Amino acid sequence: MKKAWSDFKSSIVDAWNFLSGVKIEKYSFFLCLIFLLSILDAVFTMIWIKTGMAVEANPLLGSLLEHGDLPFILTKVFLTGCGCAFLGWSKSKSRFAKASILTLLALYCCLTIYHLLGALHSVHHDLLPEIINDFLVLMS
């Protein structure tokens, strides 16, 4: 067991050393964050729709719900991925693309906070720490 734990720790250290040596351009990192946040948005949206707490506002994506969850999520993520790929391609040529990346990142961060606050509101308040309850009352 000690050998396995030691091997595990050394593999984590090796992975960390590799990742810390990787240099990624700032806007490429932002595009990766946008893409990951869009996946999170798709999952949260599906949860809200399935629980009856929300409806899909986009008519195209709303019609995809009739075909199942997977087409809805894949299309939602695919469309964002295409947009991120286009912005990644054009970011070196255009200040507008860089401004768009920053704007989208800010919007997706706000959307994620909105989803998280909605999730906290849906949890029974006796289960949450007092400081979170106070914050939710303040945000209401």
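Observations, loosely collected:
- Inter-probe distance in nm under a simple model that places probes 7 Å from Cα toward Cβ, at Leu116 and Asp134: 1.9 nm
- With the simple model of a label 7 Å out from the Cα in the direction of the Cβ, Phe18 to Ser92 spans 2.5 nm.
- Counting protein heavy atoms only, the chain has 73 percent of its accessible area on carbon and sulfur, 1.4 angstrom probe.
- For the chain, relative contact order (Cα pairs under 8 Å, six or more residues apart, normalised by length) works out to 27 percent.
- Annotation: per residue accessible area for the chain equals 72 Å², rounded to a whole number [probe 1.4 Å, protein chains only].
- Among Asp41, Asp14, Asp69, the residue with the largest mean-square fluctuation in a Gaussian network model of the chain, with springs joining Cα atoms closer than 10 Å, is Asp14.
- For the stretch 28-75, the alpha-carbon coordinates run over 34, 19, 17 Å along the three principal axes, in decreasing order.
- Structure-derived Rg and Dmax of the Cα atoms in Å: which label, when the choices are (i) 14.1, 42; (ii) 19.7, 56; (iii) 17.0, 57: (ii)
- Candidate aspartates and glutamates - alpha carbon under 13 Å from Lys50, same-chain residues fewer than 8 apart omitted: Glu66, Asp69
- With distances taken between every two different alpha-carbon atoms, the stretch 1-82 has a Kirkwood hydrodynamic radius of 15.7 Å.
The values are calculated or read from the model by the stated rules, or taken from the named source; none is laboratory data. Computed from a predicted model, the values in this text were never measured in an experiment. Glycine also receives a Cβ, built like all others from the backbone with ideal geometry; neighbour counts cover every protein chain displayed. In case anyone asks, the SASA skips ligands and DNA or RNA and just uses the protein heavy atoms, side chains included. Shrake-Rupley method; radii C 1.70, N 1.55, O 1.52, S 1.80 Å.
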